[in-house]
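Structure first, commentary second.
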Amino acid sequence: MLNSKNKILTVISIIVLAILMLPLILVVITSFNTQNSISLPIEGFTFNWYANIFQQPDFIAGFESSLLVALIASGLALIIGIPAVYALTRFNVPKASWFQSFFLSPTLIPEIVIGFALYQTIVITIRIPVFIGLIIGHFLLCLPYVIRLITASMLLLDRHIEEAGWVYGCSPRKTFFLLVLPNIKTSIIAAFMMCFINSFNNMPISLFMNGPSLTMLPPAILNYLQNNYDPTVSAISVLLMVFTGLMMFLVEKAIGLKSLTK
């Protein structure tokens, strides 16, 4: 009886996985189509659409901008988020739950609202450069990931490790850098990658800040698709999937290495 239930669950899981993977498989197939439109079945096999990606200046500039913004926003989220979590979980901060809710509040606001609000306030009213507005918007997108992952790791970290450092004469600062950070390294890596991937692939916030002076990759892809319905979009989608998969693979490797050293 139990085996039959397991078989049914396995079949259902396979079906669900196939349904989820089918659109991605079709994207991969159409990226090699010799036709000038995204259609099935494909008539032939070619790599021309992949070569065409590197002939589009907006894609190149968009990749560079998205990469830079994602790195800066993710780094800032870690620099601000990790000490904040450490203070909230280790010290008697008044109204600590309020601060935590404040840090997580960007998740309650739709990203498109964040993008519009930042554009209206920062770019139009205050006239801060678009690049700074993008950094702020993507930082708000990244910070909740850092708060959640690092908080979970800090709550599991044995306080006796820090107390042992204090007993042996380590200052609170040395204890934080030499004992706490190495023990939450896995969560830091995971938080950075979650921030980076979500920032790099973000559309709503980037769409409002996108313009002649600064091109982000997701809006650049959307603009190309509106004017050219050819398999170049499928090809760059495949490259983005590969890029994201590679980043996640590196995270898993880093986490695996960390677990082996314990």
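The values are calculated or read from the model by the stated rules, or taken from the named source; none is laboratory data. Just so it is clear, the model here is predicted, and its values are computed rather than measured. Because the Cβ atoms are built from the backbone with ideal geometry, glycine has one as well, and the counts that use them run over all protein chains shown. All accessible areas refer to the heavy atoms of the entire protein, side chains included, with ligands and DNA or RNA removed. Shrake-Rupley method; radii C 1.70, N 1.55, O 1.52, S 1.80 Å.
Restricting things to alpha carbons, find the Rg to Rh ratio for the range 59-119 using the Kirkwood radius for Rh.
On the way: Rg = 15.4 Å, Rh = 13.9 Å.
Answer for the range 59-119: 1.10.
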Based on a Kirkwood Rh over C-alpha pairs, give the Stokes-Einstein translational diffusion coefficient of the range 1-154 at 4 °C and viscosity 1.567 mPa s in µm²/s.
64 µm²/s
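First check a/c for the range 106-146, with a ≥ b ≥ c the square roots of the eigenvalues of its C-alpha gyration tensor; if it is under 1.5, answer rounded, and if not, answer prolate when a/b is larger than b/c or oblate otherwise.
oblate
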Computed helical MRE - 222 nm, the chain, DSSP H runs ≥ 4 contributing -39500 (n - 2.57), nearest 500
-23500 deg cm²/dmol
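Would you calculate the convex hull of the Cα atoms in the range 51-261 and tell me its volume per residue in Å³? Please list the in-between numbers first.
On the way: hull volume 29.4 nm³, N = 211.
Residue-normalised Cα hull volume stands at 139 Å³.
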Any idea how many Lys pairs in the chain come in under 30 angstrom at the alpha carbon, given 8 or more places apart or on separate chains?
10
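Skip the ligands, DNA and RNA, and give the accessible area per residue of the range 51-261 with a 1.4 Å probe, whole Å². List each step's numbers first, then the result.
Values: 11350 Å² over 211 residues.
The answer is 54 Å² per residue.
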Once normalised by the length of the chain, the mean sequence separation of its alpha carbon contacts under 8 Å that are 6 or more apart gives a contact order in percent of 31 percent
Would you work out what percent of the accessible area of the range 56-118, with all protein chains in place, is carbon or sulfur (probe 1.4 Å)?
75 percent
Could you give me the ³J(HN,Hα) list for the range 213-222, computed from phi with Karplus coefficients 6.51, -1.76, 1.60 and θ = phi - 60°, whole Hz, x at Gly and Pro?
7, 8, 10, 9, 5, x, x, 5, 5, 4
Relative packing of 20-27, 128-135, which averages over residues the other C-beta atoms within 10 Å, highest first:
128-135, 20-27
Let a ≥ b ≥ c be the square roots of the eigenvalues of the Cα gyration tensor of the range 80-195; is it rounded (a/c under 1.5), or, if not, prolate (a/b larger than b/c) or oblate?
prolate
Are there cysteines in the chain with no second cysteine's Cβ under 4.7 Å away, and if so, which?
CYS170
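Percent relative contact order of the range 117-247, based on C-alpha pairs within less than 8 angstrom and at least six residues apart? Mind dumping the intermediate values first?
Numbers: 80 pairs, mean separation 35.0, N = 131.
This gives 27 percent for the range 117-247.
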